[in-house]
Structure formats: structure tokens, C-alpha cells
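Comments concern the structure below.
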Amino acid sequence: MFRNLEAEMVRKGVSKKEMAALIGVSYNTMRNKINGKQKFFYDEACKIREHFFPELSLEYLFRSKNSNEKAKI
């Protein structure tokens, strides 16, 4: 689960549907990616960051729930 990503989505009012449309996947696929059931591809993560969260780092956004673990992209 990507808690930082989810928190920033709430702060900025970004929906899973909007993010899914940006990277060309279904809502269910996006939900699975955010929940950690499927991996984000690097280019997907970059698009999301650049479009919705340009002020934040990839490492911060895609850090998994285990804070000692590196980003899973």
C-alpha cells in the first residue's frame, strides 16, 4: 500500500479514476497498484508524479507501508 500517494491524492482531490486515465489502465488495475497487489511501472510512476504531484519526489510518493523499504516501482 502506498500511504503517501493516497494521502496526497486526498489532499489534492485526485481520484483513482483520473490517475488510471492518465496512465491508460482500468480503475481496478489502478486500485490494485495503489494497494500493492500490482506493481507500478517506472514510466507510470513518473507520469503520475509529473502530472499530479510535481513538487513531490518519486521516492516519497511510492514508498511502501514499510518505511524501511524502498519504493516499489
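Can you tell me which aspartates and glutamates have their Cα less than 18 Å from the Cα of LYS16? Leave out same-chain residues fewer than eight positions away.
GLU6, GLU8, ASP43, GLU44, GLU50
In the neighborhood of ALA20, defined by Cβ-to-Cβ distances under 14 Å, what is the net charge if each Lys or Arg adds +1 and each Asp or Glu adds -1?
Taking every other residue near ALA20 into account, the sum is +3.
Between GLU18 and ASN32, 0.36 nm times their residue separation minus their Cα-Cα distance comes to what?
3.6 nm
Relative contact order for the chain using alpha-carbon pairs under 8 Å, separation at least 6, rounded to a whole percent?
Taking the mean separation of contacting Cα pairs over the length of the chain, I get 37 percent.
Out of the total accessible area of the chain (probe 1.4 Å, heavy atoms of protein only), what percent is carbon and sulfur?
The C+S portion of the solvent-accessible surface of the chain is 48 percent.
The values are calculated or read from the model by the stated rules, or taken from the named source; none is laboratory data. From a predicted model like this one, the values you see are computed outputs, not experimental measurements. Using ideal geometry, Cβ is built from the backbone for each residue, glycine included, and neighbour counts are taken over all protein chains shown. Areas reflect the complete protein model, heavy atoms only, side chains present, ligands, DNA and RNA absent. Shrake-Rupley method; radii C 1.70, N 1.55, O 1.52, S 1.80 Å.
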